[in-house]
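Take a look at the structure below.
Every read-out reported here was derived from the displayed coordinates using simple, explicitly stated rules and does not represent laboratory data. Every value quoted in this text rests on a predicted model; they were computed, and no experiment measured them. As a convention, Cβ positions derive from the backbone with ideal geometry for all residues, glycine included, and neighbour counts pool all protein chains shown.
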Amino acid sequence: MSELKVSIDEISRIFLKTAQTTLETMTKQEVTYSSTIQKTPKVSMKPDLTCFVQFNGDYNGLVVMNFTADAAFEIYKTYMSAMGMPKNEIAATVASPEVADTIGELTNQVMGQLTKDIEEKFNLNAIFGQPKALTLNSSITLVIDSDYRENRRLSFKIGNYSFRIEIAMEHTQFVTI
């Protein structure tokens with residue numbers, strides 16, 4: 001008997017663990033996530049710092065990582081400290097281009113591990129483009145010129161700061177045989 005799974009929910013479950021493990025490794029900080037995956041009507045880029053990337057292949061979609069200024073700056077500082085950067089060389093504000101660049105690099109690392117984890121579990125592959133990080137003053141709702149009808153929001157915490165990952169995907173089902 002085959003087992004039917006909604007692909008975005010399966011990918012969201014993998015994403016929770018992959019993002020947690022990758023970010024904990026990179027920042028040397030505890031990262032926790034909500035055990036609730038939210039089904040949302042749309043995907044938005046939200047202030048203060050956002051990073052987005054599309055992926056395609058055996059499964060197709062878009063990932064948006066949304067951070068408050070405090071969360072982005074905390075992740076940046078702990079990542080740079082974990083890499084051994086002296087405190088006097090770490091950017092002083094979230095407006096520094098180094099913060100957006102770091103969030104883009106971390107998104108790249110999370111996506112790389114995610115595609116590897118999905119390939120190991122389902123024997124399916126996808127490639128992704130270069131993540132783009134932006135600072136925003138207001139929310140931007142994305143209308144994607146594709147059939148990405150499924151949307152999910154994943155909630156995380158690092159220290160006292162929350163951030164979210166939003167995923168949009170085409171409606172597909174994984175049928176395990």
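Report the calculated FRET efficiency for residue 123 and residue 35 (r = Cβ-Cβ distance, R0 = 22 Å), to the nearest 0.05. Present the calculation step by step, with values, prior to reporting the outcome.
On the way: r = 27 Å, r/R0 = 1.23.
So the FRET efficiency works out to roughly 0.20.
How high is the FRET efficiency from residue 69 to residue 21, r the C-beta distance, R0 22 Å, rounded to 0.05?
Values: r = 25 Å, r/R0 = 1.13.
E between residue 69 and residue 21, to the nearest 0.05, is 0.30.
Let me know the longest stretch in the chain that avoids all trypsin sites (Lys or Arg not before Pro) found in a DSSP loop with at most 14 other C-beta atoms within 10 Å.
Here the longest segment lacking exposed loop sites spans 43-148.
Which value, in debye to the nearest 20, describes the size of the charge dipole of the stretch 3-176 about its Cα centre when Lys and Arg Cβ atoms bear +1, Asp and Glu Cβ atoms bear -1, and nothing else is charged?
Value, rounded to 20: 400 debye.
Pull out a ≥ b ≥ c, the square roots of the eigenvalues of the alpha-carbon gyration tensor of the stretch 3-176, then state rounded if a/c is under 1.5, prolate if not and a/b is larger than b/c, and oblate in the remaining case. Intermediate results must be reported in sequence, preceding the final value.
Values: a/c = 1.97, a/b = 1.58, b/c = 1.25.
It is prolate, given that a/c is not under 1.5 and a/b is the larger ratio.
Quick one: how many lysine pairs in the stretch 3-176 have C-alpha atoms under 15 angstrom apart, if they're 8 or more apart or on different chains? All intermediate terms of the calculation are to be shown ahead of the outcome.
Details: 5/121; 17/116; 17/121; 17/157; 28/77; 28/157; 46/132; 77/87.
Pairs that pass both the separation and distance tests number 8.
Quote to one decimal, in nm, the extra length available between residue 140 and residue 92 on full extension: 0.36 nm per residue of separation minus the C-alpha distance between them.
14.6 nm
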